[in-house]
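Derivation of every value follows stated rules applied to the coordinates shown; laboratory data play no part. Small disclaimer: the values here were computed from a predicted structure and weren't measured. Don't worry about glycine lacking a Cβ; one is built from the backbone with ideal geometry, like all the others, and counts go over all protein chains shown.
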Amino acid sequence: MKRQLLLASTAATTLTIAGSYAAFTWTQAQAQTPQEVEIKFSARVGNQPLDCGKSYSNLGKPATTVTPTDFRFYVSDLALIDANGKVVPISLKQDGKWQYQNVALLDFENKAGACSNGTVEMRDRVIGTIPKGNYKGLQFTLGVPFNLNHSDAALAPSPLNLTSLWWNWQGGYKFLRIDLKNESGTKTNASEKEHGQHGHEGNQTGFSIHLGSTGCQASGDNQKPNSCSNPNTTKVILSNFDTNNNTVVADLEPLVANSNLETNQPNTPLGCMSSPNDGDCAGIMTSLGLPFGGKSAVKQTFFTVKK
């Protein structure tokens, strides 16, 4: 009798352990199952949506009226942050157009009217997959990773094949391109020494913001550099971000809040072309959360969360 009870008890224990293990492995498998995720972006000017070609007043210091003629940027290394603070990478959908490897292009111009330098199609989201989980935040980089940044745009896959978003082998891509037309702005014939001939085409007066790497050393003009002294890539961390209900806002107003959009520093390209010697970049770099002019980086203000 005792032997029968012992056998029954052992069998029950084995079933309990087996059941618990099965439940654990099922839950673990569920957590690893990928789900599609969309990260939505929008471009704004303060409380107004940005329309490429529309004029906006009271921007910068002193308050200036400008007309955006281009508004595009690359993001990379997107990830969600779970409740425990763990960063979980998003695997981007390889669509052959807007996303390649871990890089995506956001495009808020439509090649109409004043926005003649871009493309007809627009893009306001990043699409990918991620394991199911309880996510509370978003992380991404404004910029192109070094291993992809220094290639020939004419030979690169889309969306890295846009020559209007590329300087040259050494400088690489324009991570952010915003062109602002300002009829009262200073006209300049200064060349973009830092990045060569692909500097500020299509914007003869006004203020351009072309963010990219500088101080990139290579053995020749058509050689990839080994490093750049100023990578100028910005890591953005947005807490309390819900992919189903929130949007990442790229806001022009705080980006230019401390920039003079009317007067250009003498003997420099229009606006900010990322040169470490261009005083017109001081306010822009600060807003992007990048070090500049011997000053340490502060928290970026260009990207915010819209609920």
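Given the pairs Lys40/Lys235; Lys93/Lys224; Lys93/Lys174; Lys136/Lys307; Lys97/Lys174, which are separated by over 24 angstrom at their Cα positions? Check vs 24 Å cut-off fails for Lys93/Lys224.
Using unit Cβ charges (K, R positive; D, E negative) and no other charged atoms, how large, in debye to the nearest 20, is the dipole of segment 22-136 about its Cα centre?
Dipole size: approximately 200 debye.
In plain terms, the bigger the Kirkwood radius, the slower the diffusion; for segment 234-293, with that radius from Cα pairs, at 25 °C and 0.890 mPa s, Stokes-Einstein puts D at 185 µm²/s.
Can you list the residues of segment 236-260 with backbone N under 17 Å from a point 7 Å past the Cα of Val87, pointing along Cα to Cβ? Hits in segment 236-260 for Val87 at 17 Å: 236-241. Just report the Cα centroid separation between segment 225-288 and segment 126-181, whole Å. When both Cα centres are located, 15 Å separates them. Within segment 259-276, find all residues whose amide N lies under 12 Å from a label point positioned 7 Å from the Cα of Asn117 along Cα-to-beta-carbon. Counting only backbone N, you get 270-273.
Each label was represented as a point 7 Å from its Cα along the Cα-to-Cβ direction; for Lys132 and Ile237 these points are 2.9 nm apart.
Take each peptide in 160-169, 258-267, 49-58, count the other Cβ atoms within 10 Å of every residue, and average; sorted highest first, the result is 160-169, 258-267, 49-58. At q = 0.15, 0.20, 0.22, 0.30 Å⁻¹ the log10 of I(q)/I(0) for segment 65-111 amounts to -0.55, -0.75, -0.82, -1.07, computed by Debye summation with a single uniform scatterer per C-alpha, solvent ignored.
So if we plug the beta-carbon distance of Glu38 and Ala297 into 1/(1 + (r/R0)^6) with R0 = 41 Å, what FRET efficiency do we get, rounded to 0.05?
The value I calculate is 0.90.
To the nearest 20 debye, what is the magnitude of the charge dipole of segment 53-114 about its Cα centre, counting +1 on the Cβ of each Lys and Arg and -1 on the Cβ of each Asp and Glu?
140 debye
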